[in-house]
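Read through the structure below, which is laid out as structure tokens, and then see the notes.
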């Protein structure tokens with residue numbers, strides 16, 4: 001991906017294009033292509049101190065000055081109250097991902113190239129500068145540090161310890177106890193004293209999100225490089241990591257990423273790009289793996305992990321890692337439920353969904369069908385699946401229990417159990433207690449998958465029991481959920497109340513492997529969803545014709561939360577929509593061809609917002625601006641899965 005000078009020097013465009021480097025631990029580096037940090041989450045080293053959580057922003061950025069014949073040229077860009085200073089973006093002639101984020105600046109006849117990448121499996125970021133067009137120049141770097149939780153902001157304070165330690169090829173700084181020491185490993189730099197606060201950096205994205213948006217950063221020292229001696233390299237790390245090894249780190253990481261797409265060379269470019277993008281979400285959790293739900297602020301969530309896993313790990317044939325992810329969550333199975341969230345602070349997992357555990361069945365089924373690893377599933381997962389179903393029949397937390405008619409009830413006051421889980425204070429924005437439509441589709445599929453596995457493992461009693469349960473659920477679902485007037489499914493049933501809101505949740509009754517609907521009803525559901533909810537980037541969460549529809553996701557948290565599932569477009573829903581569309585049309589060549597055309601806006605989106613990835617959400621109203629996380633696991637996973645499995649790209 002290459003962005004030219006016209007893009008780089010238009011700050012209104014450049015500030016909204018963000019790059020992301022990840023380290024496989026949950027840590028990352030990220031900023032805009034302009035070099036101006038616009039989020040509290042931006043930084044050159046955001047370390048995961050308790051992988052994949054415990055994230056702290058250690059090194060926010062490097063202020064860069066190129067000295068030519070005694071003249072000083074600033075390469076950085078910052079927003080301060082009322083001003084952009086300096087304006088280094090005006091000197092930028094190119095930005096590219098090759099695969100590392102690389103910025104090229106031109107000053108007169110001199111070009112300087114800056115490349116950033118992370119070492120996989122380490123809290124280590126490498127920043128390299130290479131000069132072209134002149135024998136020598138001087139580069140001064142001033143590290144600006146934050147040393148704070150990645151959700152917070154820091155301000156000047158007397159508690160900071162400004163002392164700097166140094167050794168051969170490194171300096172280090174640990175301003176507060178309890179946070180890691182930051183090592184700035186360097187290539188032949190002169191270390192100059194500094195010890196100064198830089199005040200009132202402004203983060204425009206935080207302002208737009210209605211949050212605090214000013215921060216002070218501390219510069220402990222400066223590093224001066226004579227570029228006549230070669231490249232200038234800084235290795236920012238939580239350990240001593242000699243800068244002489246930076247090239248090897250880069251070569252190893254380049255080779256690792258090339259291996260990820262090996263075997264996909266003849267595939268559609270979108271598929272290759274998404275296979276590469278998938279890697280950033282798969283990270284370590286102890287000795288196993290998990291999936292980061294989204295960058296820059298989410299950690300690993302149960303629901304997101306199970307939805308994203310087929311696309312992120314199964315489609316790219318990362319079967320062993322897929323198994324490790326499943327085992328990581330099964331280890332926390334409790335009362336027939338998987339955790340939905342592991343808190344940042346290391347507290348007990350949270351069990352507060354009705355659907356995360358049911359999505360687990362989908363993840364297992366995708367893995368065994370693609371890889372044939374039934375032996376692994378039988379040894380490590382089958383017992384857990386049976387235990388989950390037993391608990392759901394007997395009853396577990398939050399009044400989750402299968403009713404006599406075979407459908408699954410759930411819900412209690414004040415608790416949002418489905419993926420539409422937003423609240424504003426004590427107000428539940430999308431109350432869906434009772435029988436949400438997608439939960440019934442997932443429950444039916446869980447029973448059918450258990451039936452399939454029981455047959456495979458020679459367990460006839462379980463096979464018959466689950467078959468009976470599935471048949472009962474199917475009969476009841478068709479009797480209760482079909483909305484004859486609207487020609488589609490009710491969104492939720494609670495007692496005698498039927499919610500006729502046109503939402504995307506009904507698409508799962510068509511898209512999941514086992515459907516309870518006739519072909520005629522499948523087509524009707526797809527027609528309604530297409531007409532009311534489809535946009536270029538996914539499905540709206542509510543029809544624009546609904547009085548409760550909110551078309552723009554913007555403003556302070558309470559306003560954004562009120563819009564989150566009330567019209568906002570979710571990219572991940574494009575995956576099940578494409579699957580349902582093809583299925584309802586009979587899986588014909590024509591149906592696939594028409595569905596493939598719907599991916600063209602996603603191709604273009606890879607060069608917007610989070611470069612090379614897919615955003616979490618978009619505004620419901622045109623032009624459907626990207627919002628939320630710049631890189632979302634289930635957005636990438638579901639669109640990749642649909643492209644390969646359903647559209648045969």
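For the stretch 216-228, state whether one or more residues are in a helix (DSSP H, G or I) and touching a strand residue (DSSP E or B) at 6+ places or on another chain (Cβ under 9 Å).
Scanning the stretch 216-228, I find at least one residue that is in a helix (DSSP H, G or I) and touching a strand residue (DSSP E or B) at 6+ places or on another chain (Cβ under 9 Å), so the answer is yes.
Residue 404: outside any strand (DSSP E or B) and free of Cβ contacts under 8 Å to residues at least 40 places away in the same chain, yes or no?
yes
Which fully enclosed strands (runs of 3 or more DSSP E) of the stretch 229-343 have 3 or more residues being touching a residue at least 24 places away in the same chain (Cβ under 8 Å) and within 18 Å of the chain's Cα centre (by Cα)?
The strands (runs of 3 or more DSSP E) meeting that bar are 282-285, 288-291.
Out of 469, 487, which single residue is over 30 Å from the mean Cα position of the chain (by Cα) and surrounded by fewer than 18 Cβ atoms within 10 Å (Cβ to Cβ)?
Being over 30 Å from the mean Cα position of the chain (by Cα) and surrounded by fewer than 18 Cβ atoms within 10 Å (Cβ to Cβ) holds for just one of 469, 487, which is 487.
Hey, among 271, 235, 283, which residue is at pLDDT 95 or above, assigned by TED's automatic domain parsing to the domain that holds residue 150 and either crowded, with 22+ Cβ neighbours inside 10 Å or farther than 25 Å from residue 47 by Cβ (or both)?
Going through 271, 235, 283 in turn, the sole match is 235.
Scan the stretch 591-603 and report the pairs whose first residue is modelled with pLDDT under 95 and whose second residue is crowded, with 17+ Cβ neighbours inside 10 Å, with Cβ atoms within less than 9 Å and a gap of 6+ or a chain change.
Listed pairs, sorted by first residue: none to list.
Quick check on the stretch 423-439: of everything there that is in a loop (DSSP other than H, G, I, E, B) and over 26 Å from the mean Cα position of the chain (by Cα), which residue is surrounded by the most Cβ atoms within 10 Å (Cβ to Cβ)?
Among those residues, the one meeting the criterion is 433.
Tell me which strands (runs of 3 or more DSSP E) are completely within the stretch 451-569 and hold 1 or more residues being at positive phi and assigned by TED's automatic domain parsing to the domain that holds residue 579, or say none if there are none.
Answer list for the stretch 451-569: 538-540.
Among the residues of the stretch 344-376, count how many are surrounded by 15 or more Cβ atoms within 10 Å (Cβ to Cβ), assigned to a helix (DSSP H, G or I) and more than 27 Å from the chain's Cα centre (by Cα).
Qualifying residue count for the region: 2.
Taking the stretch 137-167 only, how many residues are at pLDDT 95 or above and in a loop (DSSP other than H, G, I, E, B)?
Counting residues in the stretch 137-167 that are at pLDDT 95 or above and in a loop (DSSP other than H, G, I, E, B) gives 14.
Can you confirm whether the stretch 60-73 contains a residue that is over 22 Å from residue 210 (Cα atoms), assigned to a loop (DSSP other than H, G, I, E, B) and at pLDDT below 95?
Yes, some residue in the stretch 60-73 is over 22 Å from residue 210 (Cα atoms), assigned to a loop (DSSP other than H, G, I, E, B) and at pLDDT below 95.
Search the stretch 113-122 for residues being under 19 Å from the mean Cα position of the chain (by Cα) and part of a loop (DSSP other than H, G, I, E, B), and hand back the single one that is farthest from residue 98 (Cα to Cα).
Taking the candidates together, the pick is 121.
The values are calculated or read from the model by the stated rules, or taken from the named source; none is laboratory data. Here the structure is a predicted model, which is why all the values come from computation and not from measurement. Positions of Cβ are backbone-derived with ideal geometry, glycine not excepted, and every protein chain shown enters the neighbour counts.
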